[in-house]
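Report on the following structure.
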Amino acid sequence: MPEALQTSEVVTASTRRGEGGLRGFLAFQPAGVTAPWRIFWVGFALRVLYMTVAHTWRIRVLMDHFQFGWELGRIARSVVAGQGYGNPFLGHTGPTTWIPPLYTLLVAAVFRVFGIYSAPSAWVIFAINSAFSGATALCVYEIAARCYGGRVALWSGWLWALYPAAMQYAVHWVWDMSLTTWLFAGVLLLALRARGVDVTHTAEGDGHRLQRWGWFGLLWGLILLSNPSLVLALPAVMLWMIWGGRGTAFTLEHAVRGAVLAMAVMAVCLAPWVWRNWQVFHVFTPTRGNLGAELYQSTLESNDGFPWGPTLPMAEADPQMRRYAAIGEVAYVREQGAAAKERIRENPRCIVGWMGKRVYFFWAGVPHPLDRKPWVEYTREVNFGFLSVTGWLGLLLSLRRRVPGSKLFLATFVFVPLIYYAVTVQARFRHPLEPLICVLTVYLFQSADRTRIWTWSPKRLVERDEAVA
């Protein structure tokens, strides 16, 4: 039996015995690779219950509700107020491409129904985030089932549904993390389906059906309209899918056709946004247009390589804000980008040093100021870094055992963070990779040798050695 199948079970022993109660509820596992919907409903209900009881929907009103979505919330307010897709900071600064439109327009729709910056709007937005985060558990389950089998899938699905760190962005942030993570998990799942990866041998065949490629293109189109920073992983994922058809000309031909279809669907998704940007700014902006300004902030000694907070000062009288409003966003970002390139040429050693720090902190967690509760910060950093370590160890073990899909996971671990290494890192930027980290962590611990006895007792060590002998 292949090593990747050693931990697989289609139906757990407790289910076969018909156990009831909580254990039976959690251990229920249908045949095949499809996740039980109870994982979604429990995860969704837990998130909604927490944010309701903990009052996370009560967002502070500092700086005219700026923490309610930051630039994204400002643009959503502008849309609902009839001022168009613009004004991401203070006052009326005109149209923008600072933030992609998908999640922004979703927030604007909530504002339209429940009120701008209102408490009901915050509750509804967090409930929607909770649905996205809960749905991610279904993807986590099937990814694990297809690559590692039923036992790893069951633990991974429930871990994502119940683990507090997996739900924090859904119930605290008016931002796209939960949506983007769900979409990206869906992309990885479709890639596995397209390659026909299924260690349980229970899923439907015909891995390169055009329909799956069409859905793949749709999800990537939505990702590019939500968080285009993940785009560096697109070529690697698509090549991995196509490479699976190299065995026969017939399969390879269908894979290439599917890839062309996926690109066409992505183009259709982006077309309205690209057209709007061309009409407004007379420049080609496929996703977002703030890279030059963000890159400039990453080169400032005052930020020490880690820009935090708004890119522009939140004061209308500030010279930078006035210049942004006076010359327009496109010219301002172009100007900031040119200044950033000049600073990079002047200080290459410093820039490389900051990039090295970003590589470390992307996986270890960016430290927060140690206020009155340093133990909270230490706990957060240990938890964050521990999961990165276990995720990488699980990936290395998967590569060693040649688990199907492990090279796809390696590609995502390598390419997704690259843009953040170059500009800045925050803990939330790792979130799209955390479904994979969850699966790989569970696989690592499920692969532990249970025949070994670990003890500090010399007597037990002697007994163990005698038993082995």
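Scan segment 423-449 residue by residue and report those that are crowded, with 17+ Cβ neighbours inside 10 Å and either acidic (Asp, Glu) or out of contact with any Phe, Trp or Tyr (no Cβ under 8 Å at 6 or more places or on another chain) (or both).
Once the filter is applied, which keeps residues that are crowded, with 17+ Cβ neighbours inside 10 Å and either acidic (Asp, Glu) or out of contact with any Phe, Trp or Tyr (no Cβ under 8 Å at 6 or more places or on another chain) (or both), segment 423-449 yields 423, 434, 437, 441, 444, 447.
State all residues of segment 402-413 that are within 14 Å of the chain's Cα centre (by Cα) and not aromatic (Phe, Trp, Tyr); if no residue qualifies, say none. Before the answer, list the steps.
The first filter runs over segment 402-413 and keeps only residues within 14 Å of the chain's Cα centre (by Cα), leaving 409, 412-413.
Passing the criteria: only 412.
In segment 84-99, how many are in a loop (DSSP other than H, G, I, E, B), surrounded by fewer than 22 Cβ atoms within 10 Å (Cβ to Cβ) and not aliphatic (A, V, I, L, M)?
4
In segment 296-331, what residues are over 30 Å from residue 352 (Cβ atoms) and in a loop (DSSP other than H, G, I, E, B)?
Across segment 296-331, the qualifying residues are 314, 315, 316, 317, 318, 328.
Residue by residue through segment 379-417, note down the ones that are polar (S, T, N, Q) and surrounded by 15 or more Cβ atoms within 10 Å (Cβ to Cβ). Walk me through how you get there before you give the answer.
Residues of segment 379-417 that are polar (S, T, N, Q), as a first pass: 379, 383, 388, 390, 398, 406, 412.
Residues satisfying the conditions are 388, 390, 398, 406, 412.
Check 23, 112 and return the single one that is part of a helix (DSSP H, G or I), of a type outside the set (A, V, I, L, M), at pLDDT below 95 and over 21 Å from residue 167 (Cα atoms).
Criteria check complete, one pass: 23.
The values are calculated or read from the model by the stated rules, or taken from the named source; none is laboratory data. Nothing here was measured: the structure is a model prediction, and the numbers come from that model. Cβ sites come from the backbone with ideal geometry, for glycine too, and all protein chains shown count toward neighbours.
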